[in-house]
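Below you'll find the structure, written out as structure tokens, and then a few comments.
Bear in mind these aren't lab numbers, they're just calculated from the coordinates by the rules spelled out. Source: prediction; values computed, not measured. Neighbour counts are summed over all protein chains in view; Cβ atoms, including those assigned to glycine, are modelled from backbone coordinates with ideal geometry.
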Amino acid sequence: MFLPIGDDNHDRTRTPYVNYLFIIINILVFVFLQGASGDSPFTFAYATVPAEILTGDDIVTKAKVFKDMVSGQRFTMPGLEPTPVPVYLTLITSMFMHGGWAHLGGNLLFLWVFGDNIEDSMGHRNYFFFYLLCGVLAGLAHVFTSAYLGQSVYIPSLGASGAISGVLGGYILLHPRRTVRMWIFFFIIGVPAFIAVGLWFVFQLINGAGMLGGEESAGGVAYAAHIGGFIAGLFLVKAFTKRRKLALIEKEEFSR
């Protein structure tokens, strides 16, 4: 088990207001709108459903009751709820919702550690649009991968993971040698960002192999969105970073 717990911020010149805003919105949506994952109707209304994105239609389904073959217990899977906004907007609304406290906490930890330096490099406005665009492209990667691989296109997806993956893609390109403090089992060590983020990306590829093998899901996680968001971040980061700032970053990274 390894988790990033901080990075080198000695040269940061901007207060990351937009990054803080994204963190706060995610928490508020989860607690007050999703009811800490207890409000299923809201969640199933605003999550991204691949079939809805592919057809442009708002799809409503009935709840289904399943029986656990081992325990014999029955549980209800909520149906898809009416979406009060155009279905394409769920590509944005879904990136501010989460499936549970662990899902929320893990995502916001990565955003807290890596997002501030990307915002510092881009500026507040550019970072705002970069984050949202990476999230949308990550969502589309999940939608089209689900359809292409013959997976269920009626399973909703949600979470900030795709957008944050884009932040990681931008981070590894702009700051490959920046020190990231990692908690690995009982130790805290500092490693270059290309190792910390590289390990994360390899983990996504390995776990995403379940999807590529044609399984219905890979542990309930949309790894295609993670990979798609990361690649989007790699390709978009320099377009959103001001030339003067980019030159200073490249000079500093080269001298490390």
### Task
Look at segment 14-67 and say how many of its residues are under 18 Å from residue 152 (Cα atoms), within 19 Å of the chain's Cα centre (by Cα), not hydrophobic (A, V, I, L, M, F, W, C) and not in a helix (DSSP H, G or I).
1
### Summary
Flagged in segment 97-125 as more than 25 Å from residue 10 (Cα to Cα) and outside any helix (DSSP H, G or I), in numbering order, are 97, 98, 99, 100
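State whether one or more residues within segment 78-96 are part of a loop (DSSP other than H, G, I, E, B), among the polar types (S, T, N, Q) and out of contact with any helix residue (DSSP H, G or I) (no Cβ under 8 Å at 6 or more places or on another chain).
Within segment 78-96, the first condition is being part of a loop (DSSP other than H, G, I, E, B), and the residues that meet it are 78-86.
Filter again for among the polar types (S, T, N, Q), leaving 83.
Narrowing the set further to residues that are out of contact with any helix residue (DSSP H, G or I) (no Cβ under 8 Å at 6 or more places or on another chain) leaves none.
No, every residue in segment 78-96 fails to be part of a loop (DSSP other than H, G, I, E, B), among the polar types (S, T, N, Q) and out of contact with any helix residue (DSSP H, G or I) (no Cβ under 8 Å at 6 or more places or on another chain).
Quick check on my filter: what residues within segment 21-63 are farther than 12 Å from residue 78 by Cα, buried (at least 16 other Cβ atoms within 10 Å of the Cβ) and among the small types (Gly, Ala, Ser)? Can you show your working first?
Keep residues of segment 21-63 that are farther than 12 Å from residue 78 by Cα, which gives 21-37, 46-59.
Next cut, buried (at least 16 other Cβ atoms within 10 Å of the Cβ) only: 22-23, 26, 29-30, 34, 37, 46-53, 58-59.
Selection gives 37, 47, 51.
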